[in-house]
Structures are given as structure tokens and as C-alpha cells.
There are 4 protein chains.
Amino acid sequence: MYIVDLNCDMGESFGSYKIGRDEEIMKYVTSANIACGFHAGDPSIMKKTVRLAIENGVRIGAHPGLPDLSGFGRRPMEISSEEAYDMVIYQIGALKGFVEAEGGTLQHVKPHGALFNMAAKQRPLANAIAKAVYDLDPSLVLFGLAGSQLIEAGQQHGLKTASEVFSDRTYQEDGSLTSRREPNALITDHEQAVHQVIRMVKEKKVTAVQNVDIDINAQTICIHGDGERAVDFAKYITHALKSSNIELRSIGEFIGHKNI
Amino acid sequence: MYIVDLNCDMGESFGSYKIGRDEEIMKYVTSANIACGFHAGDPSIMKKTVRLAIENGVRIGAHPGLPDLSGFGRRPMEISSEEAYDMVIYQIGALKGFVEAEGGTLQHVKPHGALFNMAAKQRPLANAIAKAVYDLDPSLVLFGLAGSQLIEAGQQHGLKTASEVFSDRTYQEDGSLTSRREPNALITDHEQAVHQVIRMVKEKKVTAVQNVDIDINAQTICIHGDGERAVDFAKYITHALKSSNIELRSIGEFIGHKNI
Amino acid sequence: MYIVDLNCDMGESFGSYKIGRDEEIMKYVTSANIACGFHAGDPSIMKKTVRLAIENGVRIGAHPGLPDLSGFGRRPMEISSEEAYDMVIYQIGALKGFVEAEGGTLQHVKPHGALFNMAAKQRPLANAIAKAVYDLDPSLVLFGLAGSQLIEAGQQHGLKTASEVFSDRTYQEDGSLTSRREPNALITDHEQAVHQVIRMVKEKKVTAVQNVDIDINAQTICIHGDGERAVDFAKYITHALKSSNIELRSIGEFIGHKNI
Amino acid sequence: MYIVDLNCDMGESFGSYKIGRDEEIMKYVTSANIACGFHAGDPSIMKKTVRLAIENGVRIGAHPGLPDLSGFGRRPMEISSEEAYDMVIYQIGALKGFVEAEGGTLQHVKPHGALFNMAAKQRPLANAIAKAVYDLDPSLVLFGLAGSQLIEAGQQHGLKTASEVFSDRTYQEDGSLTSRREPNALITDHEQAVHQVIRMVKEKKVTAVQNVDIDINAQTICIHGDGERAVDFAKYITHALKSSNIELRSIGEFIGHKNI
């Protein structure tokens, strides 16, 4: 028997602007990463998304990003480790406010976009993020790219971590994601995407674009909530995982258990 | 024996921009209202100000404002009650994050500028703010203009409230502050300002500009932290209060006690 | 023979956020009001929208709004006349930069949302906006609600003005638009909307919700570019106007001509 | 006889926040680089600073920066060349609006902070900026670090360029500025700073920190307007330059002249 968490970025709308099909996707995932107002989201969207997650029994994570709404947090910025610490505390705190006002509990933190990618490779930045999460609430689970500096930093700081894999992205032989600028970065075929995921969960292996198998730890799978086929894929992957004897559960329910 | 709290708006710098002489003023006040990034402040300033308050044994409050950095939160905006609720939760949550990361406890919430003034008169807005504070943490003390709708709303929602008076502002006979647009809005003479405050604390009376005495409840006194004479006045008023047998203590230490 | 301008708000997307079906709507209108980055739009969207207008032979106007992206410029803010002047100069200048870089000429200015509504009623604000437009370029046409203070202010300041009517909104007997908060604010039936417009153009009359006819000057008609039926309605109204012997032309081509 | 331009960054205040002693410094410089609202400045500050420059007979330049108010435009961001083009057009356009509304003429463009530094080394970015300036107004002078990619890009695009030197910064042997992170980046001694500048103007040489002389072209000298000693230094350097037979004139008055 295998267990895995299924997460999705949520609450990425802003004011009158809508991104993502949160209401439909929320039915399929087990953990929701909710934007905190820096790269996306605003207080009203955050409250609604927190409520939506609670109604659907989905566990909630903060999804802090760089202060770059017009770039959706995807443009790398040179920030100091201290600035990273500060902006992560701020954003987690803000989301935690909504979660607690609704009587819920925050489960995890997953940095967004360029902050996620930078923290995968830059250890001082990863340390600052891990320390911010720990200082705010040491019971939070830190999400990071499987095999990344962020996962190592989280463990070093005494946090529970969740190694994340992507269903629709290809991997390099060093375990990093193929850059979105490359033509072969995305896996658009649903069957192929699901096949990659199931192998990552069961065999802890993935085939890099260099055609070699590498080891990978898949504790949580990221799916995307925008795009026309997002809901179809959510439906497809949850069904496929269950059919393959892989149980879907929120990370907080099984992380730290033996053999996982 | 009389007891009163002395509060000041703090952490109003932003990035490279500096406002206020926080380090000096912090030595005199008992409660600090820390800006939360909407009308002033940013994550790094918030952390530094929280640390400064803790080092000085000053209790911390969130100071949420309208989303108007260029107007410093002083321009009234027509926001819905729901938007007010949401932006208050967001900002308190963000500040609470820093306070808890530093091992401290949030004491109070005081709306800023136009939000403070609007909440003094508009009951639905006052209710939304009071509900946000209560939902997030019912042990928080809500600061509001003495005699205002915000104080009533806080009490109705089950919150402890702190009736605030201003040392350097004149009052109208209905208990409201004279608008800053009026020539006689400000009291610039330090002796006169302190005399007004002491009478408010001891006699629970203030003379309105219409030259009539009105009743007023003075549980916390607001002083200002910017301007050339701010530090001098802080020194002056704290000395004068103590000399008049008025003890300065953080509101959380005495609010709810009998006879207060 | 009748002539009228047909305008639509355009370029209201922001970063990764998309609002409006500009590419399709641009085929039908004669004037485009392009957002300038305060309530909507960003530099990249502005450039693309300017190019799209030029490619389609559509004349360009600046569409300045309040600095309130999260409220889409629809929340009234108390700004001073001087602040209004400054923010209008800034936004027109920014858009003019793109228009001139593309070798085009700016035709008009139309305030957005709450700024438009406030300027319809508050003469000092209307004067500040009219003066900003005149100071920047006295050949620009100022759009305002037909019969509003903004139209009068524009004329007083020596500007050409365009009296605007709305196809899908109902009118009060004082010539103002019915507030969007009222249930009967919008005309959703396409036939009824077009009938109202044709009568405004030909007879210079409209029936207010109080069931009385009022005089109205229709030099430019506003249609909306978002919503599922926007493109259908654009197609429908342009066909209906032409069939009714009403020619569609950019306001700059006929404003100031005799009998108009 | 030697001629040089003396420039200073101006208009860097924002809302209630004040940076720089513009009113005093404006008496000494010949060209003012005015912030355009992205990294500093706002519409009201821009108008006041434009007026102040015109009153003092100082020529005006746009000073566009990265969209990062909290980082004052000093944090490098990975933006595309197209984004750079767009944000430069936007900001120049906005400032040009104020200049033209006041009856003036824009003289030059100088990128700010991280954008300036990135454009000194990254040719595609430099090209995008040069193209934006040229497309908007080919008569504008482009300021760039002496010997940088930005100067070359400006010349290639057909712009007049102004090679800028810094009075208070040390140089590397490749002609770049010593990073502010290095202890020897700044020259704090006024006499030494002025000596370096005079030699750059007269001998076209500067001694790099590696203790070798390098060639340098000094058409405009940058001084700083904030800090306690800024006004003193402005006074000191202008007096010293004149005493050394170096005339101070706005770059637009002499650029392109023979032998310069």
C-alpha cells in the first residue's frame, strides 16, 4: 500500500482578476497551497479559499512568493536572506490569520515560483525560509522540490518536510526540473504524466530527459489548477492513483510515519 | 492612584524611507501600534519594530490601515464591511506572525488613520473590524476613539476595549476630534496638551472647542512619534503624568480590573 | 444622416491576469479607452493594446483611474483636486509614451470607474481633470457622462468634449446612471439596449427609470468588452446602428463639426 | 577650457516619505534625474520636482527604475528585454507628461539602480532601453556608465549619449564601479572625490583600485542628494570644478559639439 499527498496552488485570483478553477479542483486534492498577496491573492480571495478548503476537507498551506504581482512571482529577484525570512513570516502570518479565524489549523508552507526555484539551489536562502517557518510554528510541514536544498534546510532546522514531485514537468539528471524555457519542459500527455507519477511513488525513480533513471522521493504531487484541461487532469490522476493502489491523504496525516 | 496606558504609532518606515524616531520613543510608551504594510511598514520594518518593542518591555498592537501607501492610509475609501474584515484579519495575522516568531504575545489592535476615523462613526464598519479581531483572537484588546462606535462595537462583540484620547488634538462637543483641516485641530503647546490629558485621566472630562466640558474615558493616551519635538514631548508627558500620581502601564495589565 | 463614436474600455488585463476580449471587440469599436496601470493594465499590456488599436484603425484614449488595483478603480477615494490633477497627468503621459513610440496620436481621455463617477458630480475634481488634460495636450477630447460636471468643466477649460451614453445602463431623471447597486441598473436585453441607444442618437432623448423622457446628448456610446456576450453585443449593436442609418466614426473625426 | 554636466537623482520621495534635499541640491546641478514612480517618486512628487528644476534652470531627465519600491530599485530582477522596453517607455512617458504640462522639454534618460547596473553589462537589456528611448523621442540623451554596454547600445541606436562618472565611487580596472558590498567602494573624503573627478574631466583618466590608470570619458558627473553632507559636497564640488577652469553646463547644451 502506498500513500501520497496531492497538492495544488490555489487562491491565485486578485481583485476582479480570476485565475484558476479552485472550486472544481478543490474536490480532488488533499492539500491546498494558498497565495498570500505578494505574487497573487488578496485578503478577500484568501478568506474565500481558506473557507473552500475547509468545506472540502482539504488541508491548508501558505504559499508565499516574491513581492511581484505583475510578474506573478516568477521573475527571480536578488533578495537578501533576511528579506526572505521577513517576507515569509509576513505571508505565513497573514494566511494563518484567516485559517485560525475560521477555526482551522495551518498544515504546511510551500514557497512559490522563483522563490521556490531559488530556494531549491541557494542554501542560505533555503535556510532563511526554513528558519522563518520554524520560528513561526515548528509543527508546519515544509514543501520543497524533492532532493533540493530547501528539503535539506528544512530537515536541518528540525521541520517535517514533504518532497514534492511534478506530474507535468520533465526532470534533468541532477534531479532539477527542466526549465520552462526548454521545449521539452512540459508533459502534456495525461497518460504519460500519470505514468511518471505512479513510478515516482512506487519505485522512487524517474527517467530524466537524458534518458537515465534517477532516484526521487515523492511525498506530495503537484498538479495545476489553471488551464482548460486542469479539472480533467485532476479527475484523471486521482482515479489513476487510486486504481494503482495509491491512497491520497493530506501530508499532515502520514508524514513522519515509518516507511514513508 | 490612577493608571493609564501610553501608546504610539510605530514601524511606519518603508523600505529605504524612514518615518518616526521609534528607537527613542519606545523608551517612554507602554504600548506600540505597529503598522502592517498597507498604509506604512514592510516585513523587515515590522520585524525590527517588534524586536525593539520586546527589548523595551513595550506591549505590541497591530495597526491595520487602508491599502493606500501613497496616501499613508489617511484618505477615506469606500470599502465594504467584508473588505474591512478581510484586510484587518490579513494585517493582524501578518504582525502576529512576527510577534509569535519572537516569542511574544500580541496585546491589541488599533485601526489607523482613515480606517480609525471611519470606524468611529460607521457602525457596520466598526462591527466588521470588531468581528475580525474577535474571530482571530478574542483575547485582543480593541483600541478606539473614546465614545466611538468602534468602542461600542468591540464591547458588543465581547472584546476588551481601550478608550483612547489624544494629547495633541482638540475635541468637538460631540466627543469627536476636530478635523485636521481646521486651524484649531492641534494643540502645539506641550503644557496645555499635558494639562488636557491629566484632566481627562483624573476627572474624565475635557473642554471641547465650543467651550463646554464633556465626559471622556481615558484608558490609553496616544502620542506621536514623528516630528522634531516628538521625543521631547514623550519625555515631558511621561514625567508630568508620573508627577501627577498617574501610573503608566500597558493596557493589557490593567484592563478589565475593577474601578478602571 | 447621423454619426456616433463607439468606445470600449480596453487593456484591463494585468500581468498574468486577463480581463476582456480586446482582440475581438477591437474589430467593432471606433475608440479604445486604454487603462494606464493604476486600476488596471501594465506597461506590457498597454503597448500590446496600443498596437492592437492601431492595427485595427481604432483611435486611442487614455483611461486613467484611481490607484486601486485590488478594487479595479471602482471604490471612491477622497483625493484632493491636486492629487487628481497629478495622477491624471501621470497616466495620460505614460499611455501617450506608447502611442508616440508606435507613431500614433492620442485622441482622447476618459476617466475610469469611481474617478469618472466622482468627476460627473464634483466640480472641483472635474476642473482638476480638465485642467490636467488641457495642460498636457489641449487637442485631446475629454469624454464624460452626458450632462455631467466633467463635460462642463472640459468646455470651460477650452477642450473638445464627447458626451457619453451607455447602452446597457438605465438612467435617472436627473441624467445620472442608476447605481449598480440597484436591481434595475443594467439592461441585459440586447434589443432593448440598442433601442435605447438609437433613440439617444436620433432623438436626443432617453426614458428614465421614473418613466419620464429626458434630454441627452449622445456623441459616443460605451460598450463593455468583458463578459460572455460582449462580442455578440458588439456585433449586434454595430449592425443595428448601421442599419438605422447611423454611421460609426472615431470621435476625433467629427467632433467640432457643425450640427454635431 | 573644459565643460561638464553635473547630475543628481531627484524626486525620490514618496507620499509622506521624504528622501533627498532636492530644494538645496537643485541650486548646484545642471541636470536632474527625476524618479518616475516605480522605485521611488509619485505623481505629486514628480510634478513638484519638475517645477523645481524648471525654476532653477536645471534640465530634466527621466530616471526609470525596476518596479520595486520596497527595494528602492536596487535589487536585480530578471526581466525580459521586452519588459524592460515597456517599463522604460511607461516611465519616460509619465515624466514627459509633467514636463510638457509645465511647458518644458525632456533632456535625457538615465536608468536607476539595478536597472542601470544591469544595462551596463547586459547588451540585450541595454539595447531594449536604448530602443525605448529612441522610439519615444530620438532627441533624448541617454546617460550610462562611461564605457558601458548602455553607452554603446545608445550610440548604435542613433542616440546622443552621455558618459557618466561618479565622484564618490571607486573604479575597477575594467572600468566598472566597485560593488557597494566592498569596503573600498565609496570615497568619503571630499577632497579626494573632487580630485578624482577633475582628473577624469581633464585627463580622461582614473586610477582603479588595482592601482592602474584607465581611460575614462567624463561627460556628466553624478553627485548624490541624500545624506547629511550632500549639500556641502554639492557646494564644494561646484566651486572646485569652476576653480579648475571646468565649466558646468547641462549636457543638452554641449553634447554633440566638436571636441567633446
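Throughout, read-outs are computed from the coordinates displayed, never taken from laboratory work. Keep in mind that what you see is a predicted model, and the values were worked out from it rather than measured. Glycine also receives a Cβ, built like all others from the backbone with ideal geometry; neighbour counts cover every protein chain displayed.
Length gain on complete extension for the stretch D:His195 to D:Glu78, per 0.36 nm per residue less the alpha carbon to alpha carbon distance?
38.4 nm
Order of D:150-158, A:237-245, B:209-217 by packing, highest average Cβ count within 10 Å first?
D:150-158, A:237-245, B:209-217
GluC sites (Glu not before Pro), restricted to region D:161-247: which are DSSP loop and have at most 15 other Cβ atoms within 10 Å?
Those that pass, being in a loop and sparsely packed, are D:Glu173, D:Glu228.
Binning at 10 Å from 0, report for region A:61-104 what percent of all alpha-carbon pair distances ends up in each bin.
Computed distribution, short to long bins: 26, 47, 22, 5.
Could you work out the mean count of beta carbons from other protein chains within 10 Å of each residue's beta carbon in B:16-26?
Shielding by partners across B:16-26 averages 3.
Let me check the size of region D:101-185 from its C-alpha atoms; what are the radius of gyration and Dmax in Å?
13.7, 45
Fewest Cβ neighbours within 10 Å first, please rank A:Met10, D:Met200, B:Met1, D:Met26 accordingly.
Result, fewest neighbours first: B:Met1, D:Met26, D:Met200, A:Met10.
At 7 angstrom along the Cα-to-beta-carbon line, where would the label on A:Glu78 sit relative to the other copies? Give the distances in nm, shortest first.
Result for A:Glu78, in nm, nearest copy first: 1.4, 4.5, 4.7.
Please list 3J(HN,Hα) in residue order for region A:172-188, calculated via the Karplus relation 6.51 cos²θ - 1.76 cosθ + 1.60 where θ = phi - 60°; whole Hz, with x for glycine and proline.
8, 5, 8, x, 7, 6, 5, 4, 4, 6, 7, x, 9, 6, 9, 9, 9
Compute the Kirkwood hydrodynamic radius of region C:16-70, taking the inverse of the mean of 1/r over all pairs of distinct Cα atoms, and give it in Å to one decimal.
The answer is 11.5 Å.
Would you kindly work out, in nm and rounded to one decimal, the distances from the label point of B:Asp213 to those of the same position in each other copy, ordered shortest first, with label points 7 Å along Cα-to-Cβ?
Result for B:Asp213, in nm, nearest copy first: 6.9, 8.5, 9.1.
Mind jotting down a quarter of the surface of the convex hull over the alpha carbons of chain B, in square nanometres, one decimal?
Taking the Cα atoms of chain B, their convex hull projects to 12.6 nm² on average.
Once amide H atoms are built 1.01 Å from N in the peptide plane, which residues 5 or more positions from C:Thr161, or in another chain, come under 5 Å H to H?
C:Leu142
For region A:126-145 and region B:71-142, what is the centre-to-centre distance using only Cα atoms, to the nearest Å?
Cα centres, region A:126-145 to region B:71-142: 27 Å.
Measuring nothing but label to label, 7 Å from Cα along Cα→Cβ, what are B:Ser176's distances to the other copies in nm, shortest first?
For B:Ser176, the inter-copy label distances come out at 2.1, 6.0, 6.1 nm.
Beyond 38 Å, what percent of the Cα pairs of the protein assembly as shown remain?
Within the protein assembly as shown, distances greater than 38 Å cover 55 percent of Cα pairs.
Return the percentage of antiparallel bridges among DSSP beta bridges fully within the protein assembly as shown, rounded to the nearest 5 %.
20 percent
When the helix-only estimate is applied to chain D (DSSP H runs of n ≥ 4, each -39,500 (n - 2.57), divided by the residue count), what is the mean residue ellipticity at 222 nm, nearest 500 deg cm²/dmol?
Theoretical 222 nm ellipticity from helices: -12000 deg cm²/dmol.
Show me, for region D:150-158, the HN-Hα J-couplings you get by feeding each phi into the Karplus relation (A = 6.51, B = -1.76, C = 1.60, θ = phi - 60°), rounded to Hz, glycine and proline as x.
5, 5, 5, 4, x, 5, 4, 7, x
So, how do all the Cα-to-Cα distances of region C:167-237 break down into 5 Å bins, in percent, from 0 on up?
Taking every Cα pair in region C:167-237, the percentages come to 3, 17, 27, 27, 17, 8, 1.
So what is log10(I(q)/I(0)) for region C:1-105 at q = 0.21 1/Å, when the Debye sum runs over its Cα atoms only?
Values, matching the q order: -1.07.
Bin by bin, in steps of 10 Å, what percent of the Cα pairs in region B:154-198 do you find, going until the bin that has the longest distance?
25, 42, 24, 9
With N residues in region C:196-260, what two-decimal value do you get for its Cα radius of gyration over 2.2 N^0.38 Å?
Against the compact-globule rule of thumb, the ratio is 1.24.
Show the residues, 5+ positions off or on another chain, whose built amide H is closer than 5 Å to the amide H of B:Tyr2.
B:Glu247
Consider the operator that turns chain B into chain C: which B residue has a Cβ nearest its axis, and what is that gap in Å?
Closest to the axis: B:Met77, 2.
How large is the Kirkwood hydrodynamic radius of region D:107-260, in angstrom, based on all distinct alpha carbon pairs?
16.1 Å
Pairwise over distinct Cα atoms, reciprocal of the mean inverse distance: report the Kirkwood radius of region A:50-154 in Å, one decimal place.
Value: 13.8 Å, from the Cα pair sum.
Return the ratio Rg/(2.2 N^0.38 Å) for region C:76-124, where Rg is computed over Cα atoms only.
1.31
Give me, ordered by chain and number, the residues 5 or more places off A:Ser16 or on other chains with an amide H under 5 Å from its own placed amide H.
C:Phe72
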